[in-house]
Amino acid sequence: MVKGIASREKRYVKVMSVTDEDGRITPVSVEWDDGRVYEIDRVLDVRHAASLKVGGTGIRYLVRIGHATTYLFHEDPRWYVEAKVPGM
């Protein structure tokens, strides 16, 4: 367990994305459930992968938002993140 984090949960989020003429999807921003929107500065990696922390499979995007990197999963047709669940 990471200090201050009890676990992780699958949290579905709104994602703005662009699909090119070859069908490649590039996420542009993520909207959290409280309305906060985070612009994705860069997509660092894209691959088929499973979330080992919360379960589920799909396309895993490693994205940079500001100074942080995180995984964003596309489990067609929905998107999710491995959200932190605060510990006590």
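Miscellaneous remarks
- The lone exception for residue 83 - which of (1) in a loop (DSSP other than H, G, I, E, B); (2) among the small types (Gly, Ala, Ser); (3) surrounded by 11 or more Cβ atoms within 10 Å (Cβ to Cβ) it fails: (1)
- Selection of the stretch 60-80 for residues being of a type outside the set (Lys, Arg) and open to solvent by 30 Å² or more (accessible area, probe 1.4 Å) yields 62, 65, 66, 67, 68, 69, 70, 71, 75, 76, 77.
- Selection of the stretch 51-65 for residues being hydrophobic (A, V, I, L, M, F, W, C) and closer than 13 Å to residue 76 by Cβ yields only 59.
A quick yes/no check of all residues on (1) over 12 Å from the mean Cα position of the chain (by Cα); (2) closer than 20 Å to residue 14 by Cβ:
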position: 50; (1), (2): yes, no
position: 59; (1), (2): no, yes
position: 66; (1), (2): yes, yes
position: 72; (1), (2): no, yes
position: 75; (1), (2): no, yes
position: 80; (1), (2): no, yes
position: 87; (1), (2): yes, no
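- Beta carbons closer than 6 Å, at least 6 apart along the sequence or on distinct chains, pair a first residue in the stretch 60-83 that is more than 14 Å from residue 40 (Cα to Cα) with a second that is assigned to a loop (DSSP other than H, G, I, E, B) and open to solvent by 60 Å² or more (accessible area, probe 1.4 Å) for 82/53.
- Just one of the numbered conditions (1) open to solvent by 80 Å² or more (accessible area, probe 1.4 Å); (2) in contact (Cβ under 8 Å) with a residue 24 or more places away in the chain; (3) of a type in the set (Ser, Thr, Tyr) is not true of residue 51: (1).
- Residue 44 meets each of the listed conditions (1) surrounded by 15 or more Cβ atoms within 10 Å (Cβ to Cβ); (2) part of a strand (DSSP E or B) apart from (1).
- Residues of the stretch 19-41 that turn out to be without any contact (Cβ under 8 Å) to a residue 40 or more places away in the chain and either part of a strand (DSSP E or B) or closer than 17 Å to residue 84 by Cβ (or both), as a count: 12
- Failed item in (1) open to solvent by less than 50 Å² (accessible area, probe 1.4 Å); (2) aliphatic (A, V, I, L, M); (3) more than 12 Å from residue 81 (Cβ to Cβ), with residue 16 passing the rest: (1)
- Test for residue 22: is it open to solvent by less than 90 Å² (accessible area, probe 1.4 Å) and among the acidic types (Asp, Glu): no
The values are calculated or read from the model by the stated rules, or taken from the named source; none is laboratory data. Since this is a predicted model, take the numbers as computed values, not measurements. Note that each Cβ is placed from the backbone with ideal geometry, even for glycine, and that neighbours are counted across all protein chains shown. The protein model used for the area step is the full one, side chains on, heavy atoms only, and it has no ligands, DNA or RNA in it. Shrake-Rupley method; radii C 1.70, N 1.55, O 1.52, S 1.80 Å.
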